[in-house]
Amino acid sequence: MIETQAIALRPATAADAERIAALFTEEGYPAGPSDIVSRLERFASPFSTVSVADSGGEVLGFVAVHLLPRFEHDDRIARILALVVDAGVRERGVGHLLMEEAERIARNAGAAFIEVTAGHHRPDARHLYEALGYDAAVTAYLRKKL
């Protein structure tokens, strides 16, 4: 396990774009640094956050969180839109730290709950989320391509 003191959680910056793009591409979502800079700009709001796990200046992973207002209640939900950890440091606690950061962001914003999508083709990710208390049985998610 990586010592948590050696890892700093901080907001992502444009300087992280190349590393985030590489991590995202390795995960099967091809992106270049300019794509990531553009996405970070879109996330520059009080309701969106991209945080990185940094160890000695090296980005080990990142998490993107968005807060959405609910119409049926007077609160918000937090949605984890992306979580990627470098394959070389998986199973060492980095994913847990990033999930804790996402949950901290959600709690501080007064979110009623937090949700994440994990495809069936990513059993390791699903295992992580379920180990952290995320309930796969509550899913009622339908999608239509536009």
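The values are calculated or read from the model by the stated rules, or taken from the named source; none is laboratory data. As the structure is a prediction and not an experimental result, all values here were calculated from the model. So basically every Cβ, Gly included, is an ideal-geometry build from the backbone, and we count neighbours across all protein chains shown.
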Practice problem: With the condition kept exactly as written, say whether any residue in segment 30-47 is part of a strand (DSSP E or B), under 22 Å from A106 (Cβ atoms) and at pLDDT below 95. | Solution: yes
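Are any residues in segment 68-91 farther than 17 Å from L23 by Cα, of a type in the set (D, E, K, R) and surrounded by fewer than 17 Cβ atoms within 10 Å (Cβ to Cβ), and if so, which ones?
R70, E72, D74, D75
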Quiz prompt | Complete set of residues in segment 1-29 that are part of a helix (DSSP H, G or I), touching a residue at least 40 places away in the same chain (Cβ under 8 Å) and within 17 Å of R90 (Cβ to Cβ) | solution = T4, A6, R19, I20, L23, F24, E26
Practice problem: Specify which of the listed residues (A82, A53, A78, A102) is assigned to a helix (DSSP H, G or I) and of a type outside the set (F, W, Y). | Solution: A102
Quiz item: Under 7 Å by Cβ, and 6 or more places apart or on different chains, what pairs join a residue from segment 111-134 that is farther than 17 Å from L97 by Cβ with one that is of a type in the set (V, I, T) and modelled with pLDDT of 80 or more?
Solution: A111/I77; A112/I77; F113/I77; E115/I77
Quiz item: Only one residue in R107, R92 is assigned to a loop (DSSP other than H, G, I, E, B) and of a type in the set (K, R). Which one?
Solution: R92
Quiz item: Out of (1) modelled with pLDDT of 90 or more; (2) among the basic types (K, R); (3) surrounded by 12 or more Cβ atoms within 10 Å (Cβ to Cβ), the odd one out for R122 is which?
Solution: (1)
Self-check item: Sole residue being touching a helix residue (DSSP H, G or I) at 6+ places or on another chain (Cβ under 6 Å), under 28 Å from D16 (Cβ atoms) and at pLDDT 90 or above, chosen from V65, V94, V116
Solution: V65
Self-check item: Every residue from segment 17-40 that is of a type in the set (A, V, I, L, M, F, W, C), closer than 13 Å to D86 by Cα and out of contact with any Gly (no Cβ under 6 Å at 6 or more places or on another chain)
Solution: I20, A22, L23, F24
Quiz item: Limited to segment 71-102, what total is found for residues that are charged (D, E, K, R) and touching a residue at least 12 places away in the same chain (Cβ under 8 Å)?
Solution: 7
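The rows are residues; the columns are (1) within 22 Å of A15 (Cβ to Cβ); (2) in contact with a Pro (Cβ under 7 Å, 6 or more places away or on another chain).
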position: S51; (1), (2): yes, yes
position: F62; (1), (2): yes, no
position: G95; (1), (2): no, no
position: A102; (1), (2): yes, no
position: A111; (1), (2): no, no
position: E115; (1), (2): no, no
position: L128; (1), (2): no, no
